[in-house]
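Reviewing the structure listed below.
The values are calculated or read from the model by the stated rules, or taken from the named source; none is laboratory data. From a predicted model like this one, the values you see are computed outputs, not experimental measurements. Reconstructed Cβ throughout: ideal geometry from the backbone, glycine too, with neighbour counts over all protein chains shown. Remember, those area values only see protein heavy atoms, side chains included, never the ligands or the DNA or RNA. Shrake-Rupley method; radii C 1.70, N 1.55, O 1.52, S 1.80 Å.
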Amino acid sequence: MRISRGIKLAVALGLLASAAACGGGSGSGGGGDQVELTLLSHYSDGPSKEGLDKMIQEWNKENPKIQVKSQVVKFDDLLTTMTVRQTGGRGADIVSAYGLWGGQLLKANVVAKVPDDIAAKIKAEYSPAALGAVTTGDTLLGYPTELNTYVLFYNKKILAAAGISKPPTTWAELADAAKKTVQRDAKGNIQVEGLSLIQDGDNKSVHPFLSLLDSAGGKFLAPDGTAQFDDAAGKAALKFESDLAAAKATNPSISPTKQFRSGGVAMAIQAGWWIGSLKTQMKDHYSTDVGVAAIPGPTPGSKGSLAYGFFMGVNQRSKHAAEAWKFLTWMNEHKTPDGKVTETGKWLADQGLIPPRTADQAEYKKSLSDPNLAPIYDAATYAMAEPNQPGAYEAKTALHNAIMGVLADGKNSDDALAQAAKAVKPQ
């Protein structure tokens, strides 16, 4: 799903510090022998809500003594709701959360450690990208659910008109394609952007940059939270972006999610969820105009991506943790009627998301109806997982400010990275 966060997230992360010190826990329960579990998520409408509700209803019918009640809020309100309820002793038994929040949620005692037997099965059956996105240090936060990877979207017709017959496979080819496809009016204003290096939401420049960083063999943060993005790989990646900005082939003021669909952007580094939106927006033009490829690296054969994910875990203060894990295990392991994939895998794939379970991924890759999905699935095998230790969000903000200083204000890329690295404070 699209990640859109703002000041509310920063406030909520701050509130988590106080939540860690507060007492109280889940008040869920029921009369007699029946247990009622609450599940808080952002699956508030459309196929995401319908699919989850269907699985909950099936469980409730088969398990009368352990009933699950869904509680939903919009994604932008999820962390705040989770934090406020936890502080007030009303936290849900089961929480669905964005992986980036994992370190803070663990530190604030919102999510419990996964039982060893369940953790062992998850680690054996889920893709490395999915696991990395929902693991803090050596601690697995829960069952991976949504998984998104970054790829290069391109307009086939715009590239063809510029004499480019195939997507770029190196940074040099990517820069050349961006410069050849950019179009400006008589005053020099960009009419068609060559390569977009931003996404929607706050910290909008970081995920595309980290994908390029990964393609060069770099890392964002060390396990202890110290900056690693200011090494030779990071400097090369930001210099690549800086050169494109200087050549006026990229402009961070242009929104790719608004302009790509109408031919205003030739190429963009975006997450796989974008396919669903483009199909809806572009209709028949999607199949004729849109191509997807791996994000190329600096040398032939190198490529990179960033993976971010969501997870479902159990509240550390739940009075019914055993029952909560029992439900989550069932939800993530029980199969569809034909026995080919899990119900959760189907639920996610039906939304255009990558199922995090390796077997589900392999099954869906056999029959992908859209060839543009193949690079997105493939990226799950090599993508850098978004770090989620305490302080990761603040580090992301510092890096974004540095990148935007380069792209929008023309600052020196090496100096900007050095300043951002100094601003990163491990927690």
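Looking only at the range 206-237, count every residue that is of a type in the set (K, R) and farther than 21 Å from N388 by Cβ and tell me the total.
Count: 1.
Out of G345, G405, G339, G352, report the one residue that is free of Cβ contacts under 8 Å to residues at least 24 places away in the same chain, within 27 Å of K121 (Cα to Cα) and surrounded by 15 or more Cβ atoms within 10 Å (Cβ to Cβ).
Only one candidate passes the filter, namely G345.
Quick one: how many residues across the range 119-136 are outside any strand (DSSP E or B) and under 18 Å from the mean Cα position of the chain (by Cα)?
Going through the range 119-136 one residue at a time, the tally reaches 8.
For the subset of the range 255-298 comprising residues that are β-branched (V, I, T) and modelled with pLDDT under 95, which member is surrounded by the most Cβ atoms within 10 Å (Cβ to Cβ)?
For the range 255-298, the residue satisfying everything is I275.
Which of the residues belonging to the range 136-145 are open to solvent by 10 Å² or more (accessible area, probe 1.4 Å) and either touching a Gly at 6+ places or on another chain (Cβ under 7 Å) or touching a residue at least 40 places away in the same chain (Cβ under 8 Å) (or both)?
Correct list: T136, G137.
Report yes if some residue within the range 88-111 is of a type in the set (D, E, K, R) and open to solvent by less than 60 Å² (accessible area, probe 1.4 Å); otherwise report no.
The answer is yes, given that some residue of the range 88-111 is of a type in the set (D, E, K, R) and open to solvent by less than 60 Å² (accessible area, probe 1.4 Å).
From the set of residues in the range 115-162 that are in the same structural domain as F220 (by the TED database) and of a type in the set (G, A, S), which is nearest to G313 (Cα to Cα)?
Among those that are in the same structural domain as F220 (by the TED database) and of a type in the set (G, A, S), it is A160.
Got a sec? Which of S253, S211 is more than 24 Å from T381 (Cβ to Cβ) and of a type in the set (S, T, N, Q)?
Of the residues listed, the single one that is more than 24 Å from T381 (Cβ to Cβ) and of a type in the set (S, T, N, Q) is S253.
Give the range 195-204 a look and list any residue that's under 19 Å from A420 (Cα atoms), surrounded by fewer than 24 Cβ atoms within 10 Å (Cβ to Cβ) and out of contact with any Lys or Arg (no Cβ under 7 Å at 6 or more places or on another chain), or say none.
K204
Name the residues in the range 374-399 that are open to solvent by 30 Å² or more (accessible area, probe 1.4 Å) and assigned to a helix (DSSP H, G or I), would you?
If the condition is that a residue be open to solvent by 30 Å² or more (accessible area, probe 1.4 Å) and assigned to a helix (DSSP H, G or I), then A374, D378, E394, T397 are the ones that fit.
Exactly one condition in (1) open to solvent by 10 Å² or more (accessible area, probe 1.4 Å); (2) modelled with pLDDT of 95 or more; (3) not in a loop (DSSP other than H, G, I, E, B) is not met by L159; state its number.
L159 satisfies all of (1) open to solvent by 10 Å² or more (accessible area, probe 1.4 Å); (2) modelled with pLDDT of 95 or more; (3) not in a loop (DSSP other than H, G, I, E, B) except (1).
So V192 passes all but one of these: (1) in a helix (DSSP H, G or I); (2) buried (at least 16 other Cβ atoms within 10 Å of the Cβ); (3) over 26 Å from the mean Cα position of the chain (by Cα). Which condition number does it fail?
Looking at each condition in turn, V192 falls short on (1).
Pull out all pairs, ordered by first then second residue, where Cβ-Cβ is under 6 Å, the residues are six or more apart or on different chains, the first lies in the range 150-171 and is over 30 Å from A133 (Cα atoms), and the second is open to solvent by less than 30 Å² (accessible area, probe 1.4 Å) and among the hydrophobic types (A, V, I, L, M, F, W, C).
I158/A266; I164/A177
Inspect all residues belonging to the range 214-227 and state whether any of them is outside any helix (DSSP H, G or I), open to solvent by 20 Å² or more (accessible area, probe 1.4 Å), among the basic types (K, R) and over 25 Å from K258 (Cα atoms).
yes
Here is a check on your reading of the model: is D289 over 24 Å from the mean Cα position of the chain (by Cα) and more than 30 Å from Q34 (Cα to Cα)?
Details: over 24 Å from the mean Cα position of the chain (by Cα): yes; more than 30 Å from Q34 (Cα to Cα): yes.
So D289 passes the test.
Tell me, which strands (runs of 3 or more DSSP E) wholly within the range 248-317 include 2 or more residues that are farther than 29 Å from H42 by Cα?
Because the criterion is at least 2 residues that are farther than 29 Å from H42 by Cα, the strands (runs of 3 or more DSSP E) in the range 248-317 that meet it are 265-271, 290-293.
Residues checked against (1) at pLDDT 90 or above; (2) open to solvent by 30 Å² or more (accessible area, probe 1.4 Å); (3) in contact with a Cys (Cβ under 9 Å, 6 or more places away or on another chain):
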position: G6; (1), (2), (3): no, yes, no
position: L16; (1), (2), (3): no, no, no
position: G25; (1), (2), (3): no, no, no
position: E50; (1), (2), (3): yes, yes, no
position: K54; (1), (2), (3): yes, yes, no
position: P64; (1), (2), (3): yes, yes, no
position: T83; (1), (2), (3): no, no, no
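Please specify each residue of the range 89-106 satisfying the condition of being outside any helix (DSSP H, G or I) and more than 13 Å from the chain's Cα centre (by Cα).
Passing the criteria: G89, R90, G91, A92, D93, I94, V95, S96.
Among the residues of the range 243-254, how many are surrounded by fewer than 22 Cβ atoms within 10 Å (Cβ to Cβ) and over 13 Å from W171 (Cα atoms)?
The qualifying residues number 8.
Taking only the range 42-87 into account, find how many residues are farther than 19 Å from G345 by Cβ and in a helix (DSSP H, G or I).
Going through the range 42-87 one residue at a time, the tally reaches 16.
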